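Visitor: Here it is: the structure, laid out below.
Read-outs throughout are calculated quantities, based only on the coordinates presented, and are distinct from any laboratory measurement. Not measured: the values here are computed from a predicted model. Positions of Cβ are generated from backbone atoms using ideal geometry, with glycine treated the same way; all protein chains shown enter the neighbour counts.
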Amino acid sequence: MTALEFNHQVASLQDVLRLFTFRFTKNQVESEDLVQDTILKALRYRDKFKENTNLKGWLFTIMRNTYINGYRKRKKANTWLDDTPDLLKLNIEETYTFNKPGKNLEYQEIIEKSKEISSTLWEPFQMYTDGYKYQEIADHFNLPLGTVKNRIFHARKEMQEKLKDYAYLN
């Protein structure tokens, strides 16, 4: 097959490729970019195509691999590595609300709201948030496991109701 015939066949499959891109991306712009990258790679590596084989399948494989490689590249770009000596960046003080609870009005309000919940619900919930397992809490209070789960659930619901005015919790 000549280069001209190959180019013509690749160009004729452009619409089919565009439809196929929607398996990977629902975005029109990304779809166009993926088709363009696929055609570019097909033309660049024309010598790798074996004559009398399925050109459409070959193009679909290029497209799938291009998408996967791009996805991996984007994922890797979002990964942040601390390459400083002694991991200094990991030890930077965080500036969000709960970093300085004594100085923060919102934190104090949350503590006040939590005191409004009955101790039968709050104590198991507090133990659960401190990292205790359900069974450990049940053993501590000498309660059935289902009762502990129920109390934690209701404590969580009450806290959500009391704190519904805080936008950052929604």
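Visitor: Which of 26/48; 48/76; 26/75; 50/75; 26/164; 113/157 have a Cα-Cα distance over 24 Å?
Guide: 26/48; 48/76; 50/75; 26/164, as the Cα separations exceed 24 Å there.
Visitor: Rounded to the nearest 0.05, what FRET efficiency do residue 32 and residue 113 give with R0 = 35 Å and r taken as the Cβ-Cβ distance? Could you check?
Guide: 0.10
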